[in-house]
1. Give me the percent of the accessible area of the chain that comes from carbon and sulfur atoms, probe 1.4 Å, all protein chains in place.
2. Zone of D44 (label point 7 Å along Cα→Cβ, backbone N under 16 Å): which residues in region 206-231?
3. Volume per residue, Å³, of the convex hull around the alpha-carbon atoms of region 1-41?
4. Give the cross-link partners of K13 among the aspartates and glutamates, using a straight C-alpha distance below 15 Å as the criterion and excluding same-chain residues fewer than 8 apart.
5. If a paramagnetic tag sat 7 Å from the Cα of E84 along the Cα-Cβ line, which residues of region 7-48 would have the backbone N under 15 Å from that point?
6. Heavy-atom accessible area per residue, the chain, 1.4 Å probe: how many Å²?
7. For the chain, what value does the Rg/Rh ratio take when both radii are computed over Cα atoms and Rh is the Kirkwood radius, given to two decimals?
8. Solvent-accessible area of D37, probe 1.4 Å, all protein chains present, reported in Å² to the nearest ten, please.
Amino acid sequence: MIRNLIRCKRVTKEDYEKVMAIFPPSEIYNGGDYLPDYFHMLIDMPNNEMYAAVIGDKFVGFTLMTTVDDRRSIVTRAGRVSKEYAGKGIAGMMLKWMDKGSPLYRPEVLWHKTIGNTTHSPLPQLINKGIYNKIVEQDLRFYDTCKGTLQNKYNVIINSNENPSFKAESIDEKVLGEILASTDHKPYLFPENEIVSDDVPFMAIKSNAPLIVSKRTTVVVSDLNCPQRTLLSISNFWQAPIGMVLNFNVYGCVSENSKEHLILHFAKFLGRPMSEYILLRAISSHGTSWTFLKEPWNNLVSKEPNFMGKV
């Protein structure tokens, strides 16, 4: 049996090429794979561990385990299995490495959490079968534009800003932690007690703030003094085979008055090196209207549900 041939190996920085060779990144998430660009940043983060399924000297599977929620939850992501061994149960085998009696079992872990959409993940089907508990359902939209259009349009918006009194500010992990601990803001921003950043679901607790904010993270908040009107957005970015991808999560009061908030947030992004093609992954609570984006994010590529589940 193939199960007897596979061993579990902790991945190191020197294994980068072997991991990338498991499955062509250009064929993962329609060319939006983050692992080639994120690999070295993720492996340096203290709450991340990478493991490979190995046969002989060949990597045939990969999984990334991220520990959150005061070490009570593990999030599995970036999984992949080589085409040669597809359909042989390797993905399920790697998940079972966390079961009791297996090499990656952690007795303190209460939940295994994951995120997935209808296109690239079996999670919706697993929720329907009762295998995973659904935590929350969000809206996931894809918009695209090009670098020149983005810069030109936002220069126009900045020069014609009609609401200078609207207060939006970029915040660090300390302020984010205070918001997560605030009993005034949490019911409006995080009613399910969960916050997602970079496709990692976190409990909305103060101790997660340093894990949410990475080198690629921007957090912007507006109207902080009025919890019912507070808007908080989190973005991360990576250079994917398809081009630059901006992952953008929004919480709280989204409205037509969000223009200055978005100006500040996207201005932080515009200051970074990027490719000519840019894809925006916009994620928000179910039913949010995105008409406030207007140009240059007016080319809606696709829309689908995005699920968060745990078991």
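1. Numbers: 7410 of 14360 Å².
Here it works out to 52 percent.
2. Taking a point 7 Å out along Cα→Cβ of D44, the residues of region 206-231 whose backbone N falls under 16 Å are 211, 213-217.
3. Numbers: hull volume 3.9 nm³, N = 41.
Here the figure is 94 Å³ per residue.
4. D37, D44, E49
5. What the label zone holds, given the 15 Å backbone N cut-off, is 7, 18-24.
6. Working: 14360 Å² over 311 residues.
Accessible surface, normalised per residue, equals 46 Å².
7. On the way: Rg = 19.9 Å, Rh = 20.5 Å.
That ratio equals 0.97.
8. 50
The values are calculated or read from the model by the stated rules, or taken from the named source; none is laboratory data. Because the structure is predicted, anything quoted here is derived from the model rather than measured. Neighbour counts are summed over all protein chains in view; Cβ atoms, including those assigned to glycine, are modelled from backbone coordinates with ideal geometry. In case anyone asks, the SASA skips ligands and DNA or RNA and just uses the protein heavy atoms, side chains included. Shrake-Rupley method; radii C 1.70, N 1.55, O 1.52, S 1.80 Å.
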